[in-house]
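Here's the structure, in structure tokens; my notes come after.
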Amino acid sequence: MFKIMLAIACIGCASATSAAAQEYPSKPVTLMMPYTAGGPGDTITRIVGQGMSRVFGRQFLVENTAGAGGTIGTAKVAAAAPDGYSLLVMHLGHAANTALYPNLRYDAITDFEPIGMIAESPMAFVARKNFPADNFRDFVAHVKASKEKVTFGHAGVGSASHLCGLLFFSAIETTVTTVPYKGTGPALNDLIGGQFDFMCDQTLNVLQPVNAGMIKAFAVTTNARLAVAPDLPTAAEAGLPGFENTVWFAVYAPKGTPNGVIDKLAAALRETLKDPEVKNRLAASGAEAVSSERAQPEALRAHLKAEIAKWGPIIKKAGVYAE
């Protein structure tokens, strides 16, 4: 009798879950962007949120809970109800943080359901305007020769600029003096003021001061030159073969979110990324929408695992950890 009742109860739960998925979303959805408002990630999240709002006819609201390299806001989503109303938008730091933070309160893979990738944002190596190098080859040679005499600034532990630097130093097998900041804004202001030597950051942030002659640029980190900066070579063609690094953004739901909800979200994301207005706004923000093939749960799952495998050894080699 008990087994029969249990089976009936399970059928009832499955029916309720199926009905909830069919009705989803029946209220506003929150997109957690675990960094401060106004930054590139926040801009991308709001563009995509507005696009998904149009697809579903429901509001997608953005919440900014910043701190600890994005891990505070990420942990909040991991602990949220798995109903599809609390989602996470996070960049490559979601993979790197597994090595940077030994005491994470969540598992980047097992505590989340992947929905799909959103976009990628290119980066560029830039330096103070009077840095003693005029091209990327000379820049690399100067850094390798000067080592700790050269200063590298970044936006904070686990930031995209920090990770780009770690990848660069691993590639050229050199260490330098590192200066961490609390955000790209303060770091870029000090670079313009000549307070440190160079950084690697998203082109959205650095191209304007480069074009104004306030700092100099050496190379982009993509596998092809950028339409917005055609004179800038790629790092690979300018002397560092195989070097490529973009800031990729993706959407996740808490573990246990019903498959029906995940499927609806993934389909809505793909539809959103095909919207010409969304694609143009992402491009204007310095990012490029990914293809429909990459905006899929399984594609994101595979990419996340590959990125964790990539960044773990680099971070371990650098001996960089956060509390």
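Measure off 7 Å from each Cα along the Cα-to-Cβ vector at THR110 and ARG54, then give the distance between these two points in nanometres to one decimal.
Modelled inter-label distance: 4.1 nm.
Just name one of THR151, THR221, GLY185: the one whose Cα is farthest towards the positive end of the charge dipole of segment 98-252 (beta-carbon charges, Lys/Arg +1, Asp/Glu -1).
After comparing all options, I get THR151.
Estimate the FRET efficiency between ALA302 and ASP231 by the formula 1/(1 + (r/R0)^6), using the beta-carbon distance for r and 41 Å for R0, to the nearest 0.05.
It comes out at approximately 0.70.
The chain: D in µm²/s via Stokes-Einstein (Kirkwood Rh, Cα pairs, 4 °C, 1.567 mPa s)?
Value of D from the Cα-based Kirkwood radius: 63 µm²/s.
Report relative contact order for the chain in percent, whole number only (criteria: Cα-Cα under 8 Å, sequence separation at least 6).
27
Under Stokes-Einstein, with the Kirkwood radius over Cα pairs standing in for Rh, what whole-number D in µm²/s applies to segment 118-228 at 20 °C and 1.002 mPa s?
Approximately 155 µm²/s, per Stokes-Einstein.
What does DSSP give for the chain in terms of the percent of beta bridges that are antiparallel, rounded to the nearest 5?
Percentage antiparallel, nearest 5: 65.
Below 8 Å between Cα atoms, with a sequence gap of 6+, how large is the relative contact order for segment 158-276 in percent?
Normalised by residue count, the contact order of segment 158-276 is 18 percent.
Post the alpha-carbon centroid distance, segment 215-242 to segment 120-146, in whole angstrom.
Centre-to-centre (Cα) distance: 11 Å.
If you put +1 on each Lys and Arg Cβ and -1 on each Asp and Glu Cβ, how big is the dipole of the chain around its Cα centre, in Debye rounded to 20?
In debye, rounded to 20, the chain gives about 240.
What are the principal axis extents of the Cα atoms in segment 197-323, in Å, biggest first?
51, 41, 28
How many Å² of accessible area per residue for segment 158-220, probe 1.4 Å?
About 37 Å² of surface per residue is accessible.
Taking segment 171-323, how many lysine pairs are there with alpha carbons less than 20 Å apart, if each pair must be eight or more places apart or span two chains?
5
Nearest 0.05, what FRET efficiency do ASP263 and THR65 give at R0 = 22 Å with Cβ-Cβ as r?
Result of the calculation: an efficiency of 0.20.
The values are calculated or read from the model by the stated rules, or taken from the named source; none is laboratory data. From a predicted model like this one, the values you see are computed outputs, not experimental measurements. Ideal geometry is used to build each Cβ from the backbone, glycine not excepted, and the neighbour counts take in all protein chains shown. To get the accessible areas, we keep the full protein, side chains included, count just its heavy atoms, and leave off ligands, DNA and RNA. Shrake-Rupley method; radii C 1.70, N 1.55, O 1.52, S 1.80 Å.
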